[in-house]
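Each reported figure results from applying straightforward, stated rules to the coordinates on display, with no laboratory input. Since the structure is predicted, the reported quantities are computational estimates derived from the model, not experimental observations. Quick reminder, even Gly has a Cβ in these numbers, built from the backbone with ideal geometry, and neighbours come from all protein chains shown.
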Amino acid sequence: MQQRIPTELVAQLGPHHRARVLAHLCRLSERDLWLRFGYAVTDDALRAYVRKLHFSRDAIFGIFDEAADVLALGHLGFNKNTSSTTAEFGLSVLPQARRRGFGLRLLQRAAVHARNRGATNLVMTYVPENDALKSLAQRAGMQLVSDVYEPRAFLSLEPPTAASLMDETFSEMLAAIDLGFRVANADAVQHRSTSA
Ligand SMILES: CC(C)(COP(=O)(O)OP(=O)(O)OC[C@H]1O[C@@H](n2cnc3c(N)ncnc32)[C@H](O)[C@@H]1OP(=O)(O)O)[C@@H](O)C(=O)NCCC(=O)NCCS
């Protein structure tokens with residue numbers, strides 16, 4: 001059977017994408033931000049979060065639409081203590097892009113990256129009311145640990161192999177090219193509309 005190639009690829013983001021990351025977060029409702037971060041987030045706190053994103057220590061992933069807007073965003077955090085082998089993941093998907101498999105794809109992409117960086121576990125912490133995240137974690141085969149205040153979902157990761165490293169390098173290369181085109185097109189459209 002022929003496999004469908006997804007038109008929206010998962011790309012790893014860099015510091016030059018901060019404005020797009022912030023625009024994505026600003027499009028989430030108050031409730032979504034609470035589900036994402038576990039507390040009420042002010043505009044200033046969002047801006048500080050984006051400003052402090054550590055692109056070289058952590059890994060930030062995005063799925064973009066044709067206009068290079070971020071539809072789905074994932075943050076894979078690595079502990080400052082480099083001996084820790086657990087990576088922490090948090091994500092958000094714009095309401096209009098939900099139930100299209102983007103959340104699951106971000107999680108799978110993050111798991112490959114964490115594995116290739118030598119992590120042995122990926123963890124997602126969520127508020128007890130977050131049924132969608134709980135279902136997503138179950139769908140991904142994660143182990144759920146109940147807690148009244150802060151339930152967690154764990155994914156055990158295999159050690160990296162030459163194949164897992166090659167696979168990540170190749171898919172990242174494709175995604176970076178695709179994203180480059182989307183950003184260039186979006187910038188050209190904006191330039192035409194401002195100079196018209
Ligand atoms: C949780 C969230 C990231 C899910 O993203 P998504 O892109 O819609 O998820 P997917 O389409 O990849 O869903 C994969 C599976 O998860 C489960 N799932 C996702 N959303 C669900 C929902 N609202 N209700 C029940 N199951 C759900 C389903 O099993 C789904 O598979 P299916 O669509 O084939 O049935 C998204 O709802 C979101 O951004 N919520 C607000 C922020 C948030 O809660 N972040 C997580 C905190 S770490």
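The figures follow:
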{"read-out": "For the chain, size of Cβ-based charge dipole, Lys and Arg +1, Asp and Glu -1, in debye", "value": "60"}
{"read-out": "Cα Rg, Dmax (largest Cα-Cα span) when computed across the stretch 1-73, Å", "value": "13.9, 50"}
{"read-out": "Burial ordering of His54, His16, His24, His113, fewest other beta-carbon atoms within 10 Å first", "value": "His16, His54, His24, His113"}
{"read-out": "Length-normalised contact order for the chain - Cα pairs under 8 Å, 6+ apart - percent", "value": "20"}
{"read-out": "Order of Met142, Met166 - criterion: other Cβ atoms within 10 Å of each residue's Cβ, fewest first", "value": "Met166, Met142"}
{"read-out": "For Leu46, net neighbour charge (Lys/Arg +1, Asp/Glu -1) across residues whose Cβ lies under 15 Å away", "value": "+4"}
{"read-out": "Around Val112: net Lys/Arg minus Asp/Glu count, Cβ-Cβ under 14 Å", "value": "0"}
{"read-out": "Global form of the stretch 27-67, assessed from the alpha-carbon gyration tensor, a/c cut-off 1.5", "value": "oblate"}
{"read-out": "Extension gain, Ala19 back to His54 (0.36 nm per residue minus Cα-Cα distance, nm)", "value": "11.1 nm"}
{"read-out": "For the stretch 121-196 and the stretch 55-102, distance of Cα centres in Å", "value": "4"}
{"read-out": "Longest segment of the chain lacking trypsin sites (Lys or Arg not before Pro) that sit in a DSSP loop with at most 12 other Cβ atoms within 10 Å", "value": "100-196"}
{"read-out": "Prolate/oblate/rounded call for the stretch 48-167, Cα gyration tensor, a/c under 1.5 rounded", "value": "rounded"}
{"read-out": "Ranking of Val10, Val123 by count of other Cβ atoms within 10 Å, fewest first", "value": "Val123, Val10"}
{"read-out": "Net charge over other residues, Cβ less than 15 angstrom from the Cβ of Asn81 (K, R count +1; D, E count -1)", "value": "+1"}
